[in-house]
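A.B. asks: Submitted below is the structure of interest, expressed as structure tokens.
Every read-out reported here was derived from the displayed coordinates using simple, explicitly stated rules and does not represent laboratory data. Because the structure is predicted, anything quoted here is derived from the model rather than measured. Quick reminder, even Gly has a Cβ in these numbers, built from the backbone with ideal geometry, and neighbours come from all protein chains shown.
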Amino acid sequence: MAEFRTLRAGVFLPPFHPNDEDPLLCMERDFELMQWLDKLGYAEAWIGEHHSGGYEIYGQPELFIATAAERTRHIRLGTGVISLPYHHPLMVADRIVQLDYQTRGRAMFGFGPGLLPSDAMMLGIDPETQRDRMADAIDIITRLLDGEIITQQSDWYTMREARLHLRPYSKPRPHLAIASAVTPYGGKLAGHYDLGMLCVMAGSPNGYDTLDYNWELANTEARAQGRTMDRCVYRVMAPFHIAETREKAIENVRAGFEKWQLYSYSVNPEGGAAIGMPSIEAINEGGRGAIGTPDDALRVLENYWTKTGGFGCILMLAHDWADWEETKRSYELFARYVLPRFEERSAWRSQSMDWMRANREAFSAKRKAAAASAVERHFAEEQRKKLEAAK
């Protein structure tokens, strides 16, 4: 029997929202997006944490998840990501367990060092220390979730007989993941602590080039711990917008993409170029994203699959580049025409139709013969009844 590929689909919601829109309505639209994705069968959504810039407006993704979970039924909701150097590790672990209960196990927790230098500057944190603090916090959080009592002190936290007073709802613990960009930190920590990987820079040239290297780092570290990595928790993020034609897709996103570029260049002098999106045309030309048709999106999935050797989930970068109705239409087209073709969900349907067509003359002849036989039997029975009545 042929083996079919398995791939989940989800979104990574930073969120990107233009500064000229009402933030209240932007938030409501994000909740509506979660409901729409839930209806379409998307598997997961990851929501970001940011504290400056005015464009990515959620300071605590756990709060968003708590509300979104009440409005959805199936989709899993993750922090994408909690910037660990900004939080006391015990407080993070406590929030994880509470949200694990409130969502009945649908919450996931992604970790990272913190993306925006402006966030770190406001908190008086040296960016040079952020990755080390993240690694330290992950070690503490996983130990707390395992039930350990910790007394430990550093230059940024103090813990004295710290422990969780609730066991996790999910056994043995909720799903944990780490952002993996270009540096080897994400892959090594994923392997060491049995974390999923969120490859959030896969759409950039450097991030794309290091996909297989960072995954192998994770596997090497996991083997050293006596474990193996599961490709099911290997996630790749890329930009998509799907329409009936490539021209329509490009036209849909042009105005919103320009607003996003203004923010991107405010964060980084290299702007969109730093994450592989200096222009709409560059997204398509690089083959690491698709602003186009379902066929274009399918080619991108094939490209990533070949590059990685297989991964568990494609995360579509959620953005406000297109009109809201066109945005919803894009997610619908991806769910209806891209993912099923990639997974070959309709392969047996097609084989069944081919078999039926190949035998249609024989089957039709049998159907006609059966119908004629039924008519013949009917009239024979009627004739028998008449003869019986005449006796």
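A.B. asks: Subtracting the Cα-Cα distance from 0.36 nm times the residue separation, let me have the gained length for ASP230 to ALA372 in nm, one decimal.
C.D. replies: 45.2 nm
A.B. asks: Pull up the cross-link candidates among the lysines for LYS328, meaning alpha carbon to alpha carbon under 27 Å and not fewer than 8 places away within one chain.
C.D. replies: LYS39, LYS248, LYS259
A.B. asks: For the chain, what is the mean residue ellipticity at 222 nm derived from helices alone (per DSSP H run of n ≥ 4: -39500 (n - 2.57); sum divided by total residues; nearest 500 deg cm²/dmol)?
C.D. replies: That comes out to -16000 deg cm²/dmol.
A.B. asks: Roughly how many nanometres apart are two label points built 7 Å out from the Cα toward the Cβ at GLU258 and ASP22?
C.D. replies: 2.5 nm
A.B. asks: Please identify, among GLY226, GLY207, GLY114, the residue showing maximal mean-square fluctuation in a Gaussian network model of the chain using a 10 angstrom Cα cutoff.
C.D. replies: GLY226
A.B. asks: Further question on the same structure: If I fit a long axis through the Cα atoms of helix 324-333 and take the longest principal axis of the Cα atoms of the chain, what angle between them do I get, 0 to 90°, rounded to 10?
C.D. replies: Orientation of helix 324-333: about 60 degrees from the principal axis.
A.B. asks: What aspartates and glutamates could a cross-link reach from LYS307, if we take a straight Cα to Cα line under 13 Å and drop same-chain neighbours fewer than 8 places away?
C.D. replies: Partners within reach: ASP209, ASP212, GLU216.
A.B. asks: If you filter segment 1-77 for trypsin sites (Lys or Arg not before Pro), then keep DSSP loop positions with at most 14 other Cβ within 10 Å, what is left?
C.D. replies: Sites meeting the loop and neighbour criteria: ARG5, ARG73.
A.B. asks: Roughly what angle does helix 360-390 make with the longest principal axis of the chain, taking Cα atoms, 0 to 90 degrees, to the nearest 10?
C.D. replies: 50 degrees
A.B. asks: Would you give the gap between the C-alpha center of segment 46-95 and the C-alpha center of segment 323-378, rounded to a whole Å?
C.D. replies: The two parts, judged by their Cα centres, are 43 Å apart.
A.B. asks: If the only charges are +1 at each Lys and Arg Cβ and -1 at each Asp and Glu Cβ, what is the size of the charge dipole of the chain around the Cα centre, to the nearest 20 debye?
C.D. replies: 2540 debye
A.B. asks: Another question, then. Between GLU285 and ARG167, 0.36 nm times their residue separation minus their Cα-Cα distance comes to what?
C.D. replies: Contour length minus the Cα-Cα distance gives 37.6 nm.
A.B. asks: Let me ask you something else. Who wins for biggest fluctuation among ASP38, ASP155, ASP296 in a Gaussian network model of the chain, springs between alpha carbons below 10 Å?
C.D. replies: Highest fluctuation of the listed residues: ASP155.
A.B. asks: GNM on the chain, C-alpha springs below 10 Å: top fluctuator among ARG173, ARG299, ARG349?
C.D. replies: Greatest mean-square fluctuation among the candidates belongs to ARG349.
A.B. asks: On to the next question. How big is the equivalent ellipsoid of segment 239-391 along its three axes, where each semi-axis is √(5λ) from the Cα gyration tensor, reported in whole Å from largest to smallest? Numbers along the way, then the final one.
C.D. replies: Working: eigenvalues 726, 61, 25 Å².
Equivalent-ellipsoid dimensions as semi-axes: 60, 17, 11 Å.
A.B. asks: Counting other Cβ atoms within 10 Å, keep those with at most 16, restrict to DSSP loop, and tell me which GluC sites (Glu not before Pro) in segment 4-100 are left.
C.D. replies: Answer by residue number: GLU21.
A.B. asks: Between [x] 21.3, 72; [y] 26.8, 111; [z] 24.3, 74, which matches Rg and Dmax of the Cα atoms in Å calculated for the structure shown?
C.D. replies: [y]
A.B. asks: Which residues' amide hydrogens lie under 5 Å from the amide hydrogen of ILE291, considering only partners 5 or more residues apart or on another chain, with H built in the peptide plane?
C.D. replies: Sorted by chain and number, the residues that satisfy this are HIS241, ASN284.
A.B. asks: Using Cα atoms only, what is the angle between the long axis of helix 89-102 and the major principal axis of the chain, expressed in degrees (0 to 90) to the nearest 10?
C.D. replies: The answer is roughly 20 degrees.
A.B. asks: Here's another thing I want to ask about it. Can you compute the label reach from HIS74? Point 7 Å from Cα along the Cβ direction, backbone N cut-off under 17 Å, restricted to segment 1-33.
C.D. replies: The answer is 6-11, 33, whose backbone nitrogens lie closer than 17 Å to the label point.
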